[in-house]
Every structure is written in C-alpha cells, then in structure tokens.
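Read the structure below first, then the notes.
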Amino acid sequence: MGPSPSFRRRSAVPVDLVLIVLLAASLAAAALPGAAAAEPTEANATTRHYVAPAIEVPLRTGQDTTYRIIALVPNGTPVEVLEEGDKWVRVRLPSGKEGWMPSRFVTTERPLRDVLTEVERERDRLGRRLKEERTLNAALKEELAKARKALAEAEKARDQAQKAYKTLAEDAKDVVALKNAYDESQSEVQKLRQRVAILEQKNQQLERDRFVSYFLAGGGVLLVGWLLGALGGRRKRRSRLEL
C-alpha cells in the first residue's frame, strides 16, 4: 500500500531540496582546485573564475576604490583572471573589457543559479527517463502477460500430449497381437475370396447345365408328342383301309 497523498505532499519538497543540495555539493566539489598553491603574480588562465554573490561588483581601472569605475559586474558573471595582487585581481569580462576588482569577490565556485539550472536540467532529464521507463515497464508487463498465457497454453498442450502418450503406451502392448490377428484375418479373407470365386464358377456351370437340361427336356416332350401324333394317324388310315 503506497503512502497517503498528504505524506507525498510533505515529503516532495525535502526530497527535491536534498537532491539539489547533493548535486550542488558534488558540482561545487568538482569545480574546486585539487590542491592549494601559492599565489602567483600571473593567474592561471585555464581556471574558471566567477564573481562571488553580491548585488554588483564595480570594475575599476586600478587597485583602489579611488580609481574610476568602468563597469558594474553582476554576481555569477564568469571572468578570466589576468593578474592577482594583494587584495585586488585584474580580470577580463566576457565582453572583453578589463579592469580590477577586490579579490574577495572572485571565486572558483560555480554560481548557485548555474548549479540550480543544471539541477533542474538533470531533474527534467530524469523525469523524461522515468516516463520512458514507465512506458517500457508497461510494455514489458503486457508482454509478460502474453508470455504467461502462452506458457499456460503450452503446458496444457503438453499435459494433453503426455496423457495421449501414456494411452498409446498402454495400447502398444496389444499392437503385436492386433497385427497378427490382422494378418490372419487378411489371409482368411483371401482364402474366402478364392472359395467364393470357385463357387461362383460352379454356380455358373450349374446354371448352364440346368438350361441345357431344360432345353433337352422340352425337346424330348415335343418329340414324344410328335411321335404319338404320327402313330395315331397311321392307325386311323389302317382302320379305314380295312373297312
């Protein structure tokens, strides 16, 4: 069960502040020089310097407040240190203008606004990444659900196949006996077919013989009738002659 909305509202601000402080501290630590060195008369041009937090720092033509002000530099402005004195440094502004300002207003620490800007940029990047991760997570959950469904179907098919295999394994014991019975039945069928063919031939022969017998019997009857008729006619003629 997630935290209540009131807890989220109370905890959101401290978390952001902690994140900002941690990122600011890490960035500030990265910007600090690795080791302290003796102050040279000519500053290292590769080290980035900034105007320390103040309303505006006057840029003068010399190393004293009596010199003329040639510019008012806002805090956080990056400057290039050209020369370092006792309490003053000669710097070059991004516009190219050069002059002197108190060394206490020049620092190597990055301005807080730059740190905050970078923190906000990092926060936005993390927010976009979190959104992408959530989208990817949703897609993975959907894919996982499909995979689980496919797995369940595959397991069901496997169980059915295993059951069918067991049934076949049990029935396989009678396969040889069934094969022998089939072969015997097939042989018996062949024998019966041959016997049927022989009987059909005999039946056809009997039919032919019966037809011949009927034909001969009918012819004999006709012949006997003809003979009887002929003999009767002769007797009548003989009787007439005797009269």
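Annotations for the structure displayed:
- Residue pairs whose Cβ atoms lie under 6 Å apart, separated by 6 or more positions or on different chains, with the first residue in region 103-131 and under 29 Å from R92 (Cα atoms) and the second of a type in the set (D, E, K, R) and outside any helix (DSSP H, G or I), are S103/K87.
- Condition met for E188 (of a type outside the set (F, W, Y) and modelled with pLDDT of 80 or more): yes
- Looking across A217, A177, one residue alone is among the small types (G, A, S) and modelled with pLDDT of 70 or more. It is A177.
- Looking only at region 80-120, residues that are touching a Leu at 6+ places or on another chain (Cβ under 6 Å) and among the hydrophobic types (A, V, I, L, M, F, W, C) come to 3 in all.
The values are calculated or read from the model by the stated rules, or taken from the named source; none is laboratory data. Source: prediction; values computed, not measured. Reconstructed Cβ throughout: ideal geometry from the backbone, glycine too, with neighbour counts over all protein chains shown.
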